[in-house]
Amino acid sequence: MAETTSSGGGDHLKLLTRLKNWKGGAEEPNHLILVSFSSLGMSEEEDKELRKKTDESYERSRERRGAEVYRLTNTDTALLMKLNEYNQMEWTSELKVDLIRVIQQNFSEYFSQIDQSRMLRIIPLQGRIQNAIKFLQTFDDRAKEAGVATGDSRPLRESDIQVVRDGMRKMGKKTFTENFIRSQVTALITPGKAPMPVMKEYFISVEMIRQHILTGVDFRGAGLVFQHLTRTLDQMLIECFDEVNPDRAKASLNLNVETVFTHSFQSLLEKSEKSLSSLVLEFRAENVLQNWDQFQTASELITQRGGTIAIDAIIPDSLGVLDLPRLGAKLAKIFWRPGAETVLPALKETVHSLQQRGTVLVLARVDDEMAIKTGHACGITMFQGFHIDDMVR
């Protein structure tokens, strides 16, 4: 029987209990649908208004499709639904269109920021119930990393950026590195063999910054100020690179294009005894297109010094739209997302063509075994994500 949980949010524990007691009976829901708008970066008041508007969409799913609705936060909602091969596309498309329409009609300034790979995710419970349970068990940490604030908070200010800078200066690069810089492994996984770590991607944990330096600051809705913060964090990461990777083992850094033209990056280049030959510089596809001329110059500079260019944040459906080899990308990261298990096999020839032209493809944001199986079916053997971290740990 369909149900709607209380409107107060924080229902992830209730949903977790529901999933742990799931038996897979014929009358039970068999798919978990996760909806998140946390990546839009709305203000707290806008989040509350968005919640009111989307509640109407979820109520329609409850009444018309028998969905069980669980409010996790103002921006995150879970639905349990009974889907089959005949109604899955229709019902999920109906929900997706309904939610996008809410944004367009009520928050049009955020329309271009919708990331459908994050907005709606579908987990079939049959055979993947443990993945769903694991997701809910770590929901609090994931929500914080996505920028979902709790309690009293104030918006991010320009002056906060200097506070972060001063924090690193006071504690020193070594201590800052130990406490605020994290890494994630990219591994080579060939069928039937154990994962072989290839390199690590290093990044500064925004959540650790929020918890220990900018306590009580809400990063959402900060717009240009948050972009300025990310460029500052880029520079701080570069300045700490010798601490985190003194031997210059194979590594990658995900940067804004603008960061290549800062004093911090210039200092990295001036350490002539250590070229960029073991370094992969990743740039998000969106950032590349927004700063096309600057990217061309940055790419030339990096490759001249022996570095490798990578394009990050490619959604499966858009693979082949960007001419990655023409961009000079020797590596590209495709985001694993709902539906990728059907989209990627249809693009097998595109995958093969890109590989033949010299671009190594990495399937990123991998959180289950299905991603690895799909990658292998398409000829992809490089992977990154929480599931990969667990495998090599």
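A few comments on the model shown:
- The helices (runs of 4 or more DSSP H) falling completely within segment 1-115 that include 2 or more residues that are under 27 Å from Pro155 (Cα atoms) map to 44-65, 88-106.
- Flag for Val288 being modelled with pLDDT under 90 and closer than 28 Å to Thr75 by Cβ: no
- Considered as a group, the residues in segment 92-139 that are crowded, with 18+ Cβ neighbours inside 10 Å, modelled with pLDDT of 90 or more and touching a strand residue (DSSP E or B) at 6+ places or on another chain (Cβ under 8 Å) include one that is nearest to Asn74 (Cα to Cα), and that residue is Leu99.
- When residues of segment 346-369 are limited to those that are in contact with a Cys (Cβ under 9 Å, 6 or more places away or on another chain) and within 21 Å of Ala187 (Cα to Cα), the one surrounded by the most Cβ atoms within 10 Å (Cβ to Cβ): Leu363
- Among (1) at pLDDT 90 or above; (2) touching a Gly at 6+ places or on another chain (Cβ under 9 Å); (3) crowded, with 19+ Cβ neighbours inside 10 Å - the single one His212 does not satisfy: (3)
- Any hit, segment 29-49, residues being without any contact (Cβ under 8 Å) to a residue 40 or more places away in the chain, closer than 24 Å to Asn106 by Cα and crowded, with 18+ Cβ neighbours inside 10 Å: no
- Matching entry among Ile380, Ile372, Ile388 (being buried (at least 20 other Cβ atoms within 10 Å of the Cβ) and either among the hydroxyl-bearing types (Ser, Thr, Tyr) or not in a helix (DSSP H, G or I) (or both)): Ile380
- Segment 159-195, residues that are aliphatic (A, V, I, L, M), over 26 Å from Ala310 (Cα atoms) and touching a residue at least 24 places away in the same chain (Cβ under 8 Å): Ile161, Val163, Val164, Met168
The values are calculated or read from the model by the stated rules, or taken from the named source; none is laboratory data. Predicted, not measured: the structure shown is a model, and the values here were computed from it. Here Cβ is always computed from backbone atoms with ideal geometry, including for glycine, and neighbour counts include all displayed protein chains.
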